[in-house]
Amino acid sequence: MAAAEQEDELERKSVKEKLRPRLRAFDVGDKFSRLPLAKASVLLPLLVREGRLHLLLTVRAMQLRRSPGEVCFPGGKSEPTDKDEIDTALREAKEEVGLQPEKVEVICRLVPGIDKMNHLVTPVVGFIEDTFQATPNPDEVSDVFLVPLEYFIKPLNYKRLPYKTSSGYLSWMHCFIYDDQERKTSFKIWGLTAHFAVFLALIVFGKRPTFEVGYDLDNLISSAENNFMNLYASLYERKKSNL
């Protein structure tokens, strides 16, 4: 191995060693797994390239019935054969982009979200090798790309969009436009995907972002859990009122 390659390898190991304990401090395990909602999971694949942390994201195939052409993380609905949320995320990542489960170092499960179909969506964070080459399944994925994680706290193109949740709760969602200079392509990253990416960036960098977030940054994990339970409670109340 050349000296430059050895240096890069040491740098990658150093970044991961620093991040593991910080990320694991935010691991919720199966704390929310028993909530009576249909389950889904996404994998937040982190890799170190040129000394910077990046997230791998996908673009949904245009022929899909739900959210065609939208940016998302590898993931999907739970299957009966999945042992837990981690199993779901790893299985879906293999099916969608050819990422072998044994090539993922799973670090933690973060506070979940609720999508527009009222699925409980668990984000699973894992390190993957910087050399990973995706092989997208054309039935599900039209593109795969990387974004520096820091973009989700210091974006060049950002706006907040108002939206109403399925429970009728009025809120705001993050919306990022990321310009891939190398490929001369722009990607719109918003909704639950942006929500998970922002939360991960807040954990990793511990910095105040250049835009507003609905968290108490001094008590990030309890604030995130409270926000989620408030969202879940509003959904539960709406379901009760519709009975």
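The values are calculated or read from the model by the stated rules, or taken from the named source; none is laboratory data. Since we're looking at a predicted model, the values are computed, not measured. For neighbour counting, all protein chains shown are included, and Cβ atoms are generated from backbone atoms with ideal geometry for every residue, glycine included.
Below are the figures for this structure:
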{"read-out": "Residue match in the stretch 183-206 (condition: among the charged types (D, E, K, R), over 18 Å from residue 124 (Cα atoms), at pLDDT below 95 and surrounded by 12 or more Cβ atoms within 10 Å (Cβ to Cβ))", "value": "no"}
{"read-out": "Odd one out for residue 162, checked against (1) under 21 Å from residue 79 (Cα atoms); (2) without any contact (Cβ under 8 Å) to a residue 12 or more places away in the chain; (3) not aromatic (Phe, Trp, Tyr)", "value": "(1)"}
{"read-out": "Which listed residue, of 53, 90, 64, is outside any helix (DSSP H, G or I), aliphatic (A, V, I, L, M) and under 23 Å from residue 12 (Cβ atoms)", "value": "53"}
{"read-out": "Unmet requirement for residue 130, which otherwise passes all of (1) in contact with a Phe, Trp or Tyr (Cβ under 9 Å, 6 or more places away or on another chain); (2) under 27 Å from residue 22 (Cα atoms); (3) surrounded by fewer than 19 Cβ atoms within 10 Å (Cβ to Cβ)", "value": "(1)"}
{"read-out": "So residue 97, is it aliphatic (A, V, I, L, M), within 24 Å of residue 232 (Cβ to Cβ), under 17 Å from the mean Cα position of the chain (by Cα) and surrounded by 14 or more Cβ atoms within 10 Å (Cβ to Cβ)", "value": "no"}
